[in-house]
Each structure stands twice: as structure tokens, then as C-alpha cells.
Amino acid sequence: PPFVPQAFVDLATAGLQQSPGKSIQQVRQQLAASSAAAQEMLTALGIQPSAPASVPFLWARLPHRRNSVAFARMLLKRYRILVAPGTGFGEMGQGYIRLSLTPPRERYVEAADRIRNRHLMQKRRGKQ
């Protein structure tokens, strides 16, 4: 895919945020709802976003700068959560993952539930 300079992304984002159109307002509301749910999902994983969401993406720094490809694979295998490893955007992305905020909020709520349910099952197994 072609490289898009950050300045263009910033201009597009600013335009979306200032646009008064009803359809754009609905998109902004959907992105905000997805962002809140994605942040809740990250919290269930014990991860905090590394910066405010830059529409339509949310970046998160992994604890101890873990390998981003290995972490992304683990999320997919263990929880059926697809994220982009930070290294897909250059070597400085090591230790980060990027989430798209374009899926509906419900997808992140479901993902957070899968994480919590797995953690509960692991705790129950540990008590037996």
C-alpha cells in the first residue's frame, strides 16, 4: 500500500471532526463508541492505550515492549482478536499494536467478554 504522509491524515481527521454533516456525525459517534469499547478491551488485557485514538485507529504499547507480532498472534489464537502488530508500520512499532476503530462497538464488547471469560475459566481451574 502507498505511504500516506501523516500531515494528510491529520488534515482529513480535522476535516471529519469539523464537518457538520449528519452522516459524518454518525461516523464520528460510531468511532467514539468503538474507541471506548476498544479501550475497555485493552484494559481487560492489562494494557492501556499509548495515545489518544487517532481516528480511525488506536495504538497500545505492550507491557515490557513485548514482541508485537508474537502478541498479535497470541490474541488471534487465544481470543480470536485481530490486531495489527506495530512492526507492520516500521521497526519503531515494535512493542505496540494498532486497533482499527471501524468495527462496530459490539465487536470490542464481545472481545472483552471473551478475554474476561477465559480469565475466569483459568482462575477456576487454578482453584481446583
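The values are calculated or read from the model by the stated rules, or taken from the named source; none is laboratory data. Bear in mind the structure is a predicted one, so any value in this text is a computation, not a measurement. All Cβ positions, glycine included, derive from the backbone under ideal geometry; neighbour counts span all protein chains shown. Note: areas computed on protein heavy atoms with side chains; ligands, DNA, RNA excluded. Shrake-Rupley method; radii C 1.70, N 1.55, O 1.52, S 1.80 Å.
For residues that are in a helix (DSSP H, G or I) and of a type outside the set (D, E, K, R), scanning just the range 90-112, find the one that is most open to solvent (accessible area, probe 1.4 Å). Checking each candidate, the answer is Met92. When Ala12 is tested against the conditions (1) part of a helix (DSSP H, G or I); (2) of a type in the set (A, V, I, L, M); (3) out of contact with any Gly (no Cβ under 9 Å at 6 or more places or on another chain); (4) at pLDDT 85 or above, the lone failure is (4). Taking residues in the range 66-89 that are outside any loop (DSSP other than H, G, I, E, B), and partners anywhere that are hydroxyl-bearing (Ser, Thr, Tyr) and open to solvent by less than 30 Å² (accessible area, probe 1.4 Å), the pairs with Cβ atoms closer than 9 Å and at least 6 places apart or on different chains are Ala84/Ser68; Pro85/Ser68; Gly86/Ser68; Thr87/Ser68; Gly88/Ser68.
List the number of the failed condition for Ala72; all other conditions in (1) modelled with pLDDT of 90 or more; (2) surrounded by fewer than 16 Cβ atoms within 10 Å (Cβ to Cβ); (3) not aromatic (Phe, Trp, Tyr) hold. Only one criterion in (1) modelled with pLDDT of 90 or more; (2) surrounded by fewer than 16 Cβ atoms within 10 Å (Cβ to Cβ); (3) not aromatic (Phe, Trp, Tyr) is unmet by Ala72, namely (2). In the range 1-19, the residues that are under 16 Å from Leu58 (Cα atoms) form no Cβ pair under 7 Å with any partner that is modelled with pLDDT under 80 and open to solvent by 60 Å² or more (accessible area, probe 1.4 Å), whether six or more places apart or across chains. The set of residues in the range 17-31 being open to solvent by less than 60 Å² (accessible area, probe 1.4 Å) and out of contact with any Pro (no Cβ under 7 Å at 6 or more places or on another chain) consists of Ser19, Gly21, Ile24.
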